[in-house]
Amino acid sequence: MTELTFRKTEEVFRRPDVDLTTRLGSITFPNPVFTASGCAAAGQELDQFFDVSELGGIVTKSIMLAPRSGRATPRMAETPSGMLNSIGLQGPGIDAFLDKDLAWLHQRGARAVVSIAGGSVDDFAKLAARLRGQKGLAMIEVNISCPNVEDRGQVFACDPMASASVIQAVKRSAPAGVPIFAKLSPDVTDITAIARACVDAGADGLSLINTLLGMVIDTDTMRPALGGITGGLSGPAIRPIAVRCVWQVRQALPDIPILGMGGIRTGLDALELILAGANAVSVGTTVFGDPSAPIRILDELAVALAERGFGSVAEAVGLAHRPPEVHVPEGPDPVGDTDPEPQQEDEQ
Ligand SMILES: Cc1cc2nc3c(=O)[nH]c(=O)nc-3n(C[C@H](O)[C@H](O)[C@H](O)COP(=O)(O)O)c2cc1C
């Protein structure tokens, strides 16, 4: 079946005949390209560039219980191959979000992945409970990369026990049958320990990765560039870290669905994360410079899969983990130096 896709730009693109459907927990999505939380609000702004219901899903900006104005300005700084942000979870609060944003996504026919964030386990449980019975909700992404106000401001996602407490509470309160994904921070020594704790606590899948903590100092003012002093680093600069995290978690937990993100700018970048083990990907920072990027990346991914002979995206998930092909030389050993090259075991 070949599908004709009409762009609002009147460009016509014939997507290759590749099965793009992907399964995240109990839900099958029509394709594996999503937006990333915080980079496309709830999709309304992107809808003037392309039909947002064409994406696998729209991951909304993390929502908290109450409206929140966020951190001091400036909140963005440029970095080599990326950006630093300290938005501080600005948002309208859950009630306004449900009335306006989720209702719009539902009416638009888009699959909403609602990202929730809290300062305590109880906040997360209340947010999850508010999502019961909401139309248009496809999945919940639990942003545990925020400080726990009840525990010295320590980030939930940096501690396996704190991460597990949040996921357990969300699982108990959330609507039945809606997959719960825990969004992890790469700012930890062993991301697989956090991943395992979340899965043991009931997470149906994992979103990897959130931004990395960074800082920029303006050499003219000789002060931190961000009002919030530190911020989250995102964009192409973090892609190798995202690939590494997805790889490690796929290896540790072979059967857990992964939504991968970090610096995806092209279909090949998306394919790289899929080969590392992601079942689907989110497109974040790239959207600020190229609002059509998610749909372009979907088209490019379909072409890249077809060019490599894949009949479906599922065949490519985690494929980079297969053992290297062993070439057995035919005939007698060549004369001379037959010692294999010494394996480099360490990066340093
Ligand atoms: C401006 C900005 C705001 C973000 N807000 C959120 C957020 O509210 N919740 C969340 O889980 N991640 C948030 N993120 C992280 C992204 O969802 C994503 O995990 C990260 O930026 C890596 O992907 P990217 O390099 O494609 O942007 C934000 C990122 C940026 C750049």
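The values are calculated or read from the model by the stated rules, or taken from the named source; none is laboratory data. As the structure is a computational prediction, the values presented were derived from the model and not from experiment. Cβ sites come from the backbone with ideal geometry, for glycine too, and all protein chains shown count toward neighbours.
Among residues of the range 216-228 being within 16 Å of the ligand (Cβ to nearest atom) and under 13 Å from Glu78 (Cβ atoms), the one that is surrounded by the fewest Cβ atoms within 10 Å (Cβ to Cβ) is Val216. Inspection of the range 55-66 finds a residue satisfying the criterion of being at pLDDT below 95 and surrounded by fewer than 17 Cβ atoms within 10 Å (Cβ to Cβ). The selection criterion, being touching a Pro at 6+ places or on another chain (Cβ under 7 Å), at pLDDT 95 or above and among the β-branched types (Val, Ile, Thr), does not hold for Val246. Every condition in (1) over 28 Å from Arg14 (Cβ atoms); (2) within 12 Å of the ligand (Cβ to nearest atom); (3) free of Cβ contacts under 8 Å to residues at least 24 places away in the same chain holds for Arg322 except the one numbered (2).
One residue alone among Ala66, Ala129, Ala40, Ala103 is in a loop (DSSP other than H, G, I, E, B) and farther than 18 Å from Lys183 by Cα, and that residue is Ala66.
Between Ser292, Ser312, the distinction of being surrounded by fewer than 23 Cβ atoms within 10 Å (Cβ to Cβ), away from the ligand (no atom under 16 Å from the Cβ) and touching a residue at least 40 places away in the same chain (Cβ under 8 Å) belongs to Ser312 only. Selection of the range 187-207 for residues being within 16 Å of the ligand (Cβ to nearest atom) and either in contact with a strand residue (DSSP E or B) (Cβ under 6 Å, 6 or more places away or on another chain) or over 22 Å from Val243 (Cβ atoms) (or both) yields Asp187, Ala195, Cys198, Ala203, Gly205, Leu206, Ser207. Scanning the range 170-203 for residues that are part of a helix (DSSP H, G or I) and crowded, with 24+ Cβ neighbours inside 10 Å yields a count of 4. Quick check, is Ile241 surrounded by fewer than 19 Cβ atoms within 10 Å (Cβ to Cβ), on the phi < 0 side of the Ramachandran plot, of a type outside the set (Asp, Glu) and near the ligand (Cβ under 10 Å from one of its atoms)? When the stated conditions are applied, Ile241 passes them.
Within the range 139-169, the set of residues being surrounded by fewer than 18 Cβ atoms within 10 Å (Cβ to Cβ) and more than 16 Å from the ligand (Cβ to nearest atom) comprises Val149, Glu150, Asp151, Arg152, Gly153, Gln154, Met161. Within the range 67-77, being within 12 Å of the ligand (Cβ to nearest atom) and either surrounded by 18 or more Cβ atoms within 10 Å (Cβ to Cβ) or not aliphatic (A, V, I, L, M) (or both) holds for Arg68, Gly70, Arg71, Arg75, Ala77. Screening the range 244-268 for residues that are of a type in the set (A, V, I, L, M) and in a helix (DSSP H, G or I) and picking the one that is farthest from the ligand (Cβ to nearest atom) gives Ala252. Taken over the range 18-37, residues that are touching a strand residue (DSSP E or B) at 6+ places or on another chain (Cβ under 8 Å) and assigned to a loop (DSSP other than H, G, I, E, B) amount to 8. For the range 258-270, the set of residues classified as surrounded by fewer than 24 Cβ atoms within 10 Å (Cβ to Cβ) and not basic (Lys, Arg) consists of Thr266, Gly267, Leu268, Asp269, listed by residue number. For the range 118-129, filtered to residues that are within 20 Å of Gly25 (Cβ to Cβ) and of a type outside the set (Phe, Trp, Tyr), the residue that is surrounded by the most Cβ atoms within 10 Å (Cβ to Cβ) is Leu127.
The lone criterion from (1) surrounded by 21 or more Cβ atoms within 10 Å (Cβ to Cβ); (2) at pLDDT below 95; (3) of a type in the set (Ser, Thr, Tyr) left unmet by Thr22 is number (2).
For (1) within 14 Å of the ligand (Cβ to nearest atom); (2) among the basic types (Lys, Arg), each residue gets a yes or a no:
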| residue | (1), (2) |
| --- | --- |
| Glu54 | no, no |
| Ile58 | yes, no |
| Lys61 | yes, yes |
| Met64 | yes, no |
| Gly91 | yes, no |
| Leu105 | no, no |
| Arg108 | no, yes |
| Val114 | yes, no |
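If only residues of the range 22-45 that are under 18 Å from Leu259 (Cβ atoms) and aliphatic (A, V, I, L, M) are counted, the one that is nearest to the ligand (Cβ to nearest atom) is Ala36. Select from the range 269-288 the residues that are under 17 Å from Gly318 (Cβ atoms) and part of a helix (DSSP H, G or I) and list them in ascending order. Passing the criteria: Asp269, Ala270, Leu271, Glu272, Leu273, Ile274, Leu275, Ala276.
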